[in-house]
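Scroll down for the structure; my scribbles are underneath it.
The values are calculated or read from the model by the stated rules, or taken from the named source; none is laboratory data. Predicted model only: the values in this text are computed from it and were never measured. Methodologically, a virtual Cβ is constructed for each residue, glycine included, from the backbone with ideal geometry; neighbour enumeration extends over all protein chains shown.
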Amino acid sequence: MQLDSHIAAILATFLLAGFVKGVTGLGLPTVAIGLLSLVMRPADAATLVVIPSLVTNLWQMTSGPALRPIARRLWPMMLGIFAGTWAFGGVLTGSHASAAITGLGVVLLLYAAFGLLRLRLPHVATRTELVLSPVIGAATGAVTGATGVFVIPAVPYLQALGFERDELVQALGMSFTVSTIALAIMLAGTGTLGALALSSLAALIPALIGMEIGNRVRKRVEPTLFRKIFFAGLALLGAHLLLR
C-alpha cells in the first residue's frame, strides 16, 4: 500500500510539474524537486527529474532560429555551470541531505520573491557580460549541485541580457538543458542515476501529459494570475522545507 501511494505521489507530481511547464514555459524541475523532496532524498528527487527535464528543455532550446548565436554568446556561462555543478555535487549526493533541503528551501523562496515582486536585475552591458557570465554560470552550477534546482541565479541574469522574447525562451532552454546534463553526469558519477534511470524515464509520460494539458489551459487563463499562484505556491513550499 505504501509503495502504491509513493508511485501515485510521483506520478501526480510530474503531472502537476508538466502542467506548470505547459502554462508558464518553466518550472518543471523546480516544482518536481520541491514536492518530491517532501517524501524522498533531494538526490533521488533530482534523479527522477533528469529525463523529463532534459526532453522538455531540449525541445525549448531548439524551438527557435537563434540557437547558434545564443550558444556563441553564452558558452562561458555554460562552462561555468558544469564547473559549479561538479564542485558542489557532494552536498546533494553525500551525507548532507539536511543542508540540501535547507538550500532548496532558500532557492525556492528567492525564486518566488523574484516572481511575486517582479524583481529584475539591471541591464547587463556587453563588456560586463564577458566577465559576469562564467561567474553566474558557476553560481548556477553550485546551486544545481547542492539542490538539484537551476533557476537561481540563471533566470534573473538571462532576463537582464536584453534578449528578445523568443531568444530568451531559447536561452533559458539552453541553460536548463546544460544544467540537466551537468546534473545527470554528476549523479551518474555517484551511482544515483543508474538506480533510478528507468523511473526517470517513466516520469516523462505524466510530465508530457501535464504539459499538453497546460498548453491548452494557457490559451484560456490569465497568465499573470497563474504566475502569481505558481510563485506563491513555491514560496509556501520553500518555507515548509526550511521549517523542516
Checklist entry - Would the range 58-74 turn up any residue that is closer than 19 Å to Thr192 by Cα and either touching a residue at least 40 places away in the same chain (Cβ under 8 Å) or touching a Lys or Arg at 6+ places or on another chain (Cβ under 8 Å) (or both)? => result no
Checklist entry - Quick one: in the range 63-74, which of the residues that are surrounded by 13 or more Cβ atoms within 10 Å (Cβ to Cβ) and in a loop (DSSP other than H, G, I, E, B) is nearest to the chain's Cα centre (by Cα)? => result Gly64
Next on the checklist: When you scan the range 172-181, do you find a residue that is surrounded by 14 or more Cβ atoms within 10 Å (Cβ to Cβ), more than 17 Å from Ala43 (Cα to Cα), modelled with pLDDT under 95 and in contact with a Leu (Cβ under 7 Å, 6 or more places away or on another chain), even just one?
Outcome noted: yes
Checklist entry - Yes or no: Ile181 over 24 Å from Leu35 (Cβ atoms) and either part of a helix (DSSP H, G or I) or of a type in the set (Lys, Arg) (or both)? => result no
Next on the checklist: Quick check on the range 215-234. Is at least one of its residues at pLDDT 90 or above, charged (D, E, K, R) and part of a helix (DSSP H, G or I)?
Outcome noted: no
Checklist outcome for this item: Output for Cβ contacts, cut-off 9 Å, separation at least six or different chains, first residue farther than 9 Å from Tyr157 by Cα in the range 122-134, second among the basic types (Lys, Arg), reads Glu129/Arg73
Next on the checklist: Tell me the residue from Ala203, Ala235, Ala160 that is of a type in the set (A, V, I, L, M, F, W, C) and out of contact with any helix residue (DSSP H, G or I) (no Cβ under 7 Å at 6 or more places or on another chain), please.
Outcome noted: Ala160
Next on the checklist: Checking Thr102 against (1) farther than 14 Å from Val149 by Cβ; (2) surrounded by fewer than 21 Cβ atoms within 10 Å (Cβ to Cβ); (3) at pLDDT below 95, only one condition comes out false. Which one?
Outcome noted: (1)
Checklist entry - From the residues in the range 75-99 that are in contact with a Pro (Cβ under 8 Å, 6 or more places away or on another chain) and at pLDDT below 90, which one is surrounded by the most Cβ atoms within 10 Å (Cβ to Cβ)? => result Leu92
Item to check | Count - residues of the range 45-62 that are modelled with pLDDT of 90 or more, under 14 Å from Phe150 (Cβ atoms) and surrounded by fewer than 24 Cβ atoms within 10 Å (Cβ to Cβ) | outcome: 2
